[in-house]
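Asker: Would you mind keeping the following structure in view while I ask a few things?
The values are calculated or read from the model by the stated rules, or taken from the named source; none is laboratory data. From a predicted model like this one, the values you see are computed outputs, not experimental measurements. Cβ: placed from backbone, ideal geometry, glycine included. Neighbour counts: every protein chain shown.
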Amino acid sequence: MDNTDLRERMILVINETVTSSRLRYIWLESHTGVAQEKWKKLCNRKQNPTSELIEALCNINPQFSEWIVCGRLSNELQLQPQDPLNAAIRLVWHEEQPVIAEKIKKLADSINAEQGLKYGD
């Protein structure tokens with residue numbers, strides 16, 4: 001699967017979100033309001049993503065929004081521009097980011113050690 005393609009990223013997130021292939025399109029329609037036929041055409045690669053489908057999928061999976069749309073993660077905290085606490089949140093995030101990154105690295109190293117893996121394996 002080519003994760004550099006918007007449609008393929010959307011299909012991946014859809015498949016991870018709704019694991020039952022039998023109920024997939026019904027579930028998507030009931031949770032997004034977008035007709036199940038549109039989801040089916042997208043997942044069968046007969047239709048390219050529309051703004052309606054992109055917005056709907058991002059609304060039910062906001063944690064994947066940046067990756068769905070851009071195909072990458074900026075490692076930046078995602079904020080709403082109109083949020084009055086935006087400046088304070090960004091300041092704290094930038095101060096804490098190195099600490100968080102170090103904790104994640106230690107956790108990954110620990111998991112790799114338990115599994116007998118070395119970085120780069």
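Asker: Restricting to segment 1-41, name every residue that is more than 14 Å from residue 68 (Cα to Cα) and touching a residue at least 12 places away in the same chain (Cβ under 8 Å).
Answerer: 24, 25, 28, 31, 32, 33, 34, 37, 38, 39, 40
Asker: Another one. In segment 61-74, how many are surrounded by fewer than 16 Cβ atoms within 10 Å (Cβ to Cβ) and either small (Gly, Ala, Ser) or closer than 12 Å to residue 14 by Cβ (or both)?
Answerer: Matching residues across segment 61-74 total 2.
Asker: Could I ask something else about it? Could you tell me whether residue 107 is of a type outside the set (D, E, K, R), at pLDDT 75 or above and within 30 Å of residue 23 (Cα to Cα)?
Answerer: Here the answer is no, as residue 107 does not meet what is asked.
Asker: For segment 40-64, name all the residues that are on the phi < 0 side of the Ramachandran plot and of a type in the set (D, E, K, R).
Answerer: 40, 41, 46, 52, 55, listed by residue number.
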